[in-house]
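Participant: Could you have a look at this structure, given as structure tokens, before my questions?
The values are calculated or read from the model by the stated rules, or taken from the named source; none is laboratory data. Just so it is clear, the structure is predicted and the values come from calculations on it, not from any experiment. Positions of Cβ are generated from backbone atoms using ideal geometry, with glycine treated the same way; all protein chains shown enter the neighbour counts. Just the protein is used for accessible areas: all its heavy atoms, side chains included, with ligands, DNA and RNA removed. Shrake-Rupley method; radii C 1.70, N 1.55, O 1.52, S 1.80 Å.
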Amino acid sequence: MFCSLSRLYRGLSRPTRRTTQLIWGSFSRSLVLSSQRRIPELSSFVARTNTCGELRSSHLGQEVTLCGWIQYRRQNIFLVLRDFHGLVQVIIPQDESAASVKKILCEAPMESVVQVSGTVISRPPGQENPKMPTGEIEIKVKTAKLLNSCKKLPFEIKDFVKKTEALRLRYRYLDLRGVQMQYNLRLRSQMVMKMREYLCNLHGFVDIETPTLFKRTPGGAKEFVIPSREPGKFYSLPQSPQQFKQLLMVGGLDRYFQVARCYRDEGSRPDRQPEFTQIDIEMSFVEQTGIQSLIEGLLQYSWPSDRDPVVVPFPSMTFAEALASYGTDKPDTRFGMKIVDISDMFRNTEVGFLQDALSKPQGTIKAICIPEGEKYLKRKDIESIRKFAADHFNQEVLPIFLKTNNNWNSPVAKFIMEEQGLGLIRLLETQEEDVVLLTAGEHKKAEKFQSLATKLNIIHCLTFPCNSRVRKAILQILLS
């Protein structure tokens with residue numbers, strides 16, 4: 001294969017004008033043909049004629065051959081055969097002439113792999129199973145063959161059987177037979193294929209595989225080091241194909257992508273592990289809006305049809321807007337609890353620490369509203385928040401309850417509600433049981449706090465007992 005490709009490449013390396021036109025004309029036609037949708041032939045090249053999950057009443061009377069795993073067996077009369085496309089009921093013959101077939105199907109342990117041949121027939125009236133896609137038919141077996149007998153398994157291959165994570169990992173080859181794992185892997189395959197179709201067939205990208213063994217790249221994450229046969233010399237596994245794709249851009253391949261394996265010798269994190277896959281894309285002569293539109297279209301095109309559709313364009317915000325509204329450059333917008341600058345409202349306030357904050361060159365007052373905060377925050381929780389802010393960042397955090405009788409005898413909070421209560425309610429769109437957390441300080445000090453808090457991930461360090469929504473709210477107010 002490599003030799004034939006090399007000869008083809010040498011033959012095309014110096015094409016004439018006529019040859020170039022023929023090549024690109026043929027290439028364009030192949031793209032059109034490959035983009036046409038066709039139903040996959042799931043039983044081509046194999047011993048079966050159909051999958052277990054595709055048979056319906058329209059197949060009545062057909063002679064079929066199925067291969068699969070024994071899922072259930074009832075009274076040595078019926079068994080349910082499973083493959084990765086569904087289930088089908090099989091009738092075990094009871095005639096003496098079919099004793100050998102009955103022996104195979106009755107004595108084979110659960111999860112054994114068998115091949116059966118027979119006729120598709122209707123189930124008797126009243127015995128249809130509407131919960132099964134194949135519930136209207138069954139297979140009247142004529143011949144059977146035991147392909148692989150199963151030993152006793154550490155757990156049953158059934159969705160309702162609960163298994164520990166350690167057991168699943170130890171026997172991951174068995175766990176892969178589960179419906180959810182099958183769905184995950186096949187969904188990934190379909191999405192990657194549609195991404196290739198979108199990039200190659202619709203937008204002319206070139207799928208290029210780059211080397212895995214390379215020299216060390218300065219900077220960035222730590223790399224895995226692979227020894228070579230020469231003493232003192234090593235390879236490095238690439239963190240990403242960064243240098244390779246830059247070479248491709250310089251070489252004139254202005255639209256490149258790759259389903260790339262990347263390796264980073266770092267501790268696992270929620271969004272990163274030592275080995276992972278990424279869709280790596282590079283373009284020449286492009287601006288930010290072009291990249292954004294490409295990614296939006298890519299995800300919209302490849303998104304699973306059984307999920308809610310992807311709506312484009314994606315919401316976007318600038319870096320400054322993210323810091324101003326959420327206090328972090330990676331905001332979780334699902335919570336909706338934005339940080340609001342309320343400095344102008346308190347320009348003429350008589351509250352001492354607010355006056356001190358606004359008198360400084362970069363002084364500011366910010367607040368955040370926690371919906372139904374009265375249900376979640378107890379007095380000890382608030383004291384813990386205030387102590388954390390004071391100890392680590394020398395900042396005051398003031399809780400304000402909209403019900404003035406719930407302000408824990410705080411004269412400052414009561415005074416603020418009397419002075420600016422209506423303004424706060426209007427600006428923050430608060431409800432009766434909401435709690436407002438207010439803080440004041442210098443902008444530079446707040447930026448320093450943002451950096452440290454992001455690195456320390458303080459949302460996981462807070463010790464008081466409250467749910468994740470409140471933790472998120474607290475993190476946002478501390479990052480203001």
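Participant: List, please: which pairs have Cβ atoms under 6 Å, are six or more places apart or on different chains, and start with a residue in the stretch 309-321 that is farther than 16 Å from GLN288 by Cβ and hydrophobic (A, V, I, L, M, F, W, C) and end with one that is at pLDDT 90 or above and surrounded by 12 or more Cβ atoms within 10 Å (Cβ to Cβ)?
Facilitator: That search, which allows pairs on different chains as well, returns VAL310/LEU299; VAL310/GLN300; VAL310/TRP303.
Participant: Would you confirm whether any residue within the stretch 332-340 is of a type in the set (A, V, I, L, M) and either free of Cβ contacts under 8 Å to residues at least 24 places away in the same chain or in contact with a Gly (Cβ under 8 Å, 6 or more places away or on another chain) (or both)?
Facilitator: yes
Participant: Within the stretch 77-99, can one find any residue that is more than 41 Å from the chain's Cα centre (by Cα), touching a residue at least 24 places away in the same chain (Cβ under 8 Å) and open to solvent by 50 Å² or more (accessible area, probe 1.4 Å)?
Facilitator: no
Participant: Something else now. Can you tell me which residue among LEU153, LEU185, LEU174 is open to solvent by less than 30 Å² (accessible area, probe 1.4 Å) and farther than 29 Å from GLU63 by Cβ?
Facilitator: From the options LEU153, LEU185, LEU174, the qualifying one is LEU174.
Participant: Search the stretch 366-384 for residues that are open to solvent by 40 Å² or more (accessible area, probe 1.4 Å) and pair each with any residue that is aliphatic (A, V, I, L, M) and modelled with pLDDT under 80 when their beta-carbon atoms are under 7 Å apart and the residues are at least 6 apart or on different chains.
Facilitator: The qualifying pairs are TYR376/VAL470.
Participant: Test PRO227 against the criterion of being free of Cβ contacts under 8 Å to residues at least 60 places away in the same chain and touching a helix residue (DSSP H, G or I) at 6+ places or on another chain (Cβ under 8 Å), and give yes or no.
Facilitator: no
Participant: Another question, then. Which ranges mark the helices (runs of 4 or more DSSP H) fully within the stretch 272-360 that have 1 or more residues being under 24 Å from the mean Cα position of the chain (by Cα)?
Facilitator: Output list reads 288-302, 319-326.
Participant: Out of curiosity, is LEU146 touching a helix residue (DSSP H, G or I) at 6+ places or on another chain (Cβ under 7 Å), within 16 Å of TRP69 (Cβ to Cβ) and modelled with pLDDT of 95 or more?
Facilitator: yes
Participant: Moving to a separate point now. Output the residues belonging to the stretch 163-194 that are more than 19 Å from THR51 (Cα to Cα) and part of a loop (DSSP other than H, G, I, E, B).
Facilitator: Across the stretch 163-194, the qualifying residues are LYS163, THR164, TYR171.
Participant: Identify the single condition in (1) of a type outside the set (Gly, Ala, Ser); (2) surrounded by 10 or more Cβ atoms within 10 Å (Cβ to Cβ); (3) out of contact with any Pro (no Cβ under 7 Å at 6 or more places or on another chain); (4) free of Cβ contacts under 8 Å to residues at least 60 places away in the same chain that GLU296 does not satisfy, given that it satisfies every other one.
Facilitator: (3)
Participant: Here's another thing I want to ask about it. If you go through the stretch 120-150 one residue at a time, how many are among the hydroxyl-bearing types (Ser, Thr, Tyr) and crowded, with 17+ Cβ neighbours inside 10 Å?
Facilitator: 1
Participant: Can you tell me which of PHE160, PHE155 is aromatic (Phe, Trp, Tyr), outside any helix (DSSP H, G or I) and in contact with a Phe, Trp or Tyr (Cβ under 9 Å, 6 or more places away or on another chain)?
Facilitator: Answer to the selection: PHE155.
Participant: Next up: Might you check whether a residue that is part of a loop (DSSP other than H, G, I, E, B) and of a type in the set (S, T, N, Q) occurs anywhere in the stretch 78-90?
Facilitator: No, because not a single residue in the stretch 78-90 is part of a loop (DSSP other than H, G, I, E, B) and of a type in the set (S, T, N, Q).
Participant: Please go through the stretch 211-263 and pick out each residue that is open to solvent by less than 60 Å² (accessible area, probe 1.4 Å), in contact with a Ser or Thr (Cβ under 8 Å, 6 or more places away or on another chain), of a type in the set (Phe, Trp, Tyr) and part of a strand (DSSP E or B).
Facilitator: PHE214
Participant: Criterion first (under 19 Å from ILE121 (Cα atoms) and either touching a Leu at 6+ places or on another chain (Cβ under 9 Å) or free of Cβ contacts under 8 Å to residues at least 40 places away in the same chain (or both)) does LEU60 satisfy it?
Facilitator: Spelling it out, it is not the case that LEU60 is under 19 Å from ILE121 (Cα atoms) and either touching a Leu at 6+ places or on another chain (Cβ under 9 Å) or free of Cβ contacts under 8 Å to residues at least 40 places away in the same chain (or both).
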